[in-house]
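Below: one structure, written as structure tokens.
The values are calculated or read from the model by the stated rules, or taken from the named source; none is laboratory data. Predicted model, so just to flag it, every value in this text is computed and none were measured. Every residue, glycine among them, receives a Cβ derived from its backbone with ideal geometry; neighbour counts consider all protein chains shown.
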Amino acid sequence: NNAIKYTLPLFGKKVMVTAGPTYEAIDPVRFIGNHSSGKMGFAMADELAKLGADVTLITGPTAQKENQTLLRIDVVSAQQMLEACTSVFFEADITIMCAAVADYRPKEIANQKIKKQADSLVLELEKTVDILATLGRNKKENQILVGFALETHDEENYAKGKLEKKNLDLVVLNSLNDNGAGFKSDTNKITIFNKALERTVFEMKSKTEVAKDICMAILKISK
Ligand code: CTP
Ligand code: CA
């Protein structure tokens, strides 16, 4: 039993990971999306599975493929991701929210393709539900919740603010100021803050290596 714990420290743990962008429909042929590739979330899911965790990966549309055995749930919109997350979260020991969820979606989805007419077009958008904040509000004592913060300025303050507001155990700051970090790239540069607001700064690394660093930070605080 100790041998299993040593080689597979997350053996028997249920872990939920989200990845990729969400697509918010405008009409039957168009959507609002973002440049998230899904690489970071898939790398997290694979590393957690390698550590023995029972991983459920909830992903928006991406070209990524999982390399480890895990349960994959494909979704498209923020609303679908919310529904998948709430159905899995209650039994997850550890949750990592890597997905780049849309903050706004079109208030109305046109039933038919919108034809081009006037020289300008205004779309009214409404806020989506903040999935991570919702999970944070429902989090039980023994659950670990990890979020990301994607920032371009005043990054540390925003990241710490998200940790506190969303009731997280760790926040991973992804700074888009660093070249080679972020959405489309194969590498990433992160800083992790824990609940005590202690900061750990990491070098620029491949997303697989970054995922390992995040796993180690999770192991440190896991019960
Ligand atoms: N997130 C979420 N649901 C949303 C928006 C964001 O679960 N509707 C999660 C992301 O997956 C990420 C964290 O919240 O783990 C932070 O996302 P980010 O976009 O950096 O922050 P926001 O709180 O959306 O604030 P802003 O975009 O204004 O910086
Ligand atoms: Ca956002």
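Find all pairs meeting these conditions: Cβ atoms under 6 angstrom apart; at least six residues apart or on different chains; first residue within region 95-110 and free of Cβ contacts under 8 Å to residues at least 24 places away in the same chain; second residue in a loop (DSSP other than H, G, I, E, B) and more than 7 Å from ligand 1 (Cβ to nearest atom).
Short answer, once both residue conditions are applied: K107/E124.
Anything in region 123-157 that is of a type in the set (D, E, K, R), away from ligand 2 (no atom under 16 Å from the Cβ), loosely packed, with under 14 Cβ neighbours inside 10 Å and more than 24 Å from S77 (Cβ to Cβ)? List them, or say none.
Of everything in region 123-157, those that are of a type in the set (D, E, K, R), away from ligand 2 (no atom under 16 Å from the Cβ), loosely packed, with under 14 Cβ neighbours inside 10 Å and more than 24 Å from S77 (Cβ to Cβ) turn out to be K140, E141.
Failed condition for A110, given (1) surrounded by 15 or more Cβ atoms within 10 Å (Cβ to Cβ); (2) within 16 Å of ligand 2 (Cβ to nearest atom); (3) not in a strand (DSSP E or B), with all others met?
A110 satisfies all of (1) surrounded by 15 or more Cβ atoms within 10 Å (Cβ to Cβ); (2) within 16 Å of ligand 2 (Cβ to nearest atom); (3) not in a strand (DSSP E or B) except (2).
Out of region 68-107, which residues are within 16 Å of ligand 2 (Cβ to nearest atom), assigned to a loop (DSSP other than H, G, I, E, B) and in contact with a strand residue (DSSP E or B) (Cβ under 7 Å, 6 or more places away or on another chain)? Talk me through it step by step, then tell me what you get.
Taking region 68-107 and keeping what is within 16 Å of ligand 2 (Cβ to nearest atom), we get 77-79, 81-82, 85, 97-105.
With the extra rule that they be assigned to a loop (DSSP other than H, G, I, E, B), the set shrinks to 77, 98-99, 101-103.
Listed by number, the residues that qualify are S77, C98, A99, A102, D103.
Of the numbered conditions (1) away from ligand 1 (no atom under 14 Å from the Cβ); (2) touching a Leu at 6+ places or on another chain (Cβ under 8 Å); (3) not in a loop (DSSP other than H, G, I, E, B), L197 fails exactly one; give the number of that condition.
(3)
To keep it simple, each residue is scored yes or no on (1) modelled with pLDDT under 95; (2) closer than 22 Å to I218 by Cβ.
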| residue | (1), (2) |
| --- | --- |
| K107 | no, no |
| N111 | no, no |
| V129 | no, no |
| A149 | no, yes |
| L170 | no, yes |
| K184 | yes, no |
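For region 166-192, how many residues are away from ligand 1 (no atom under 12 Å from the Cβ) and either in contact (Cβ under 8 Å) with a residue 40 or more places away in the chain or at negative phi (or both)?
14
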